[in-house]
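Take a look at the structure set out below.
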Amino acid sequence: MAFLNLCVALLPMTTIPSTPVTSPQAPTIADAAVARAGETGDDPADRPKPSPDEVRGTHVELRNGSPVVVFSDTGSTFRPLAQVIVDAETTTGARDAARNRGDRGVRAAHIGFAGTVANNVVYQLETEFQSGSADILWAYVGWRGKLAGVDADLLAGNLQNDRGVEGSSGGEALPFAEPNFVASAIAPDRGGFGFGAQARLIGASWHASFAVTGNDIDADRPQTGDRTILARAHWNPIKREGAIVHLGGWMFDETFKGGTRTLGANTNVAHGLNLQTILPSPPLVGASGDHGAGIEAGAVIGPVWVMGEAGRRGIDLPQTTARTTAKSLSAGWFLTGEAPPYAAATGGFGRPVVQRSVFRGGSGQVELTARYEDIRFTMPGFRNTGSSVTGGVNWYLSSQMRLMGNVTAWRMAPDQKLTGTGTRTDRGTTFVLRVQIVL
């Protein structure tokens, strides 16, 4: 009955303020990863054959199913970007009646463009619309080429973190409706974007990145001059047809300038639209900075993938350190037999290239997913814990459209200092339906 109510809830749609879905991976970087992996578009047999004049001049190509204008004579490209992700969720079974509710809303609505100039200059500008406001996500230019024979990207502007597998992947590419606890909680206070510079090297079976950034270009803070250092690397010790092994690690260090801050370390254990399922922390007064690190390990074998992540964040307070630890183990299986869209060039998830689109008489791609994750926040005299188990299905109707269903059984145990005489531990089940369209 709850699932039927959820389907009905999708009909009248209004935007509800929420924690935004992690934004997509930079398309120009992703395009490079797809090209290096040989996944340059739809089935070549299905494409019209370009004439020699079209190949030499301006023409449109499909890359990952999306149109890209190619100016062959100048070595330039232009790609329009657009994304809409709509969610509906309902939660049942919680002891706290306020958590048993249904919500629906637009989780992401993006528009922008990206491309290259003269083969070596890359650019991107993308804006997110949410809750009646517009925020700039990506706004950068950079150089792409080779350094000492290795593929390299040098970027400057407003950039996304390269931090973990799910933390570096886009909301439109994640196998689940929500990023895991490692991606959402083990992160700099400034969020997923920062204005600065990043260098990235991509080898045959590895990649490494290093970035120095300040606040997000849209940050509204009284302090200025904050500094965040981020570094990440991954290695594929096995990389062959039908089998890939992934190992990786990352770190960040954030220093606040112009005074200390009062922070929080809240985490939603169910779904971002339900603000009642947030595992809260007390106000962390006098924070001078924070730092974190994580590890990654996984594999892709045929149509099956497995990925584990773990991380820890510390918030520097005047007399102590507040710590958050999180771990996640997830897996997926493409029932229709396709290889999972793991991007070996960048160590993250991408969108699959659907060869048998439903809109062209095919069956699309169907993926079953499962994940366990838990989180713990501690400081002297205080402890929060939470966990969730999620099962899901993704039906990729085409390279641009996906339907998703998730069921999450969650548990949260806030510290008694926050709950007072009320019930400390609560459990519930959250059902999610998602419709996603990405250009």
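Quick notes on this one:
- Equivalent ellipsoid semi-axes, region 203-302, via Cα gyration tensor eigenvalues times 5, rooted, Å: 34, 21, 11
- Exposure check, 1.4 Å probe, all protein chains in place: ILE238 carries approximately 70 Å² of accessible surface.
- Accessible area of ILE111 in the full protein assembly, 1.4 Å probe (Å², nearest 10): 100
- Local charge for GLY164 was computed over the other residues whose Cβ lies under 9 Å away, with Lys and Arg +1 and Asp and Glu -1, and equals -2.
- Those trypsin sites (Lys or Arg not before Pro) in region 235-300 that DSSP places in a loop and that have at most 16 other beta carbons within 10 Å: LYS257
- Cleavage-rule hits (trypsin sites (Lys or Arg not before Pro)) in region 55-102: DSSP loop, at most 13 neighbouring Cβ within 10 angstrom: ARG95
- Full extension of the chain between LEU147 and ILE301 gives 52.3 nm of extra length, using 0.36 nm per residue less the Cα-Cα distance.
- Going by accessible surface with a 1.4 Å probe and the largest first, THR324, THR425 read THR425, THR324.
- Expressed as a fraction of 2.2 N^0.38 Å, the C-alpha radius of gyration for region 112-165 is 1.37.
- Peptide packing for 390-398, 171-179 was compared via the average number of neighbouring C-beta atoms within 10 Å per residue; ordered from the highest value, the list is 171-179, 390-398.
- On a per residue basis, region 199-266 carries 49 Å² of accessible surface, using protein heavy atoms and a 1.4 Å probe.
- Protection proxy ranking of 144-151, 287-294, by the mean of other Cβ atoms within 10 Å over each peptide's residues and highest first, is 287-294, 144-151.
- Computed log₁₀ I(q)/I(0) - Debye formula, equal Cα scatterers, no solvent, region 178-249, q 0.21 Å⁻¹: -1.00
The values are calculated or read from the model by the stated rules, or taken from the named source; none is laboratory data. Just so we're clear, the structure is a prediction, and the values are computed from it rather than from any experiment. Ideal geometry is used to build each Cβ from the backbone, glycine not excepted, and the neighbour counts take in all protein chains shown. These area figures cover heavy atoms from the full protein model, side chains too; ligands, DNA and RNA do not enter into them. Shrake-Rupley method; radii C 1.70, N 1.55, O 1.52, S 1.80 Å.
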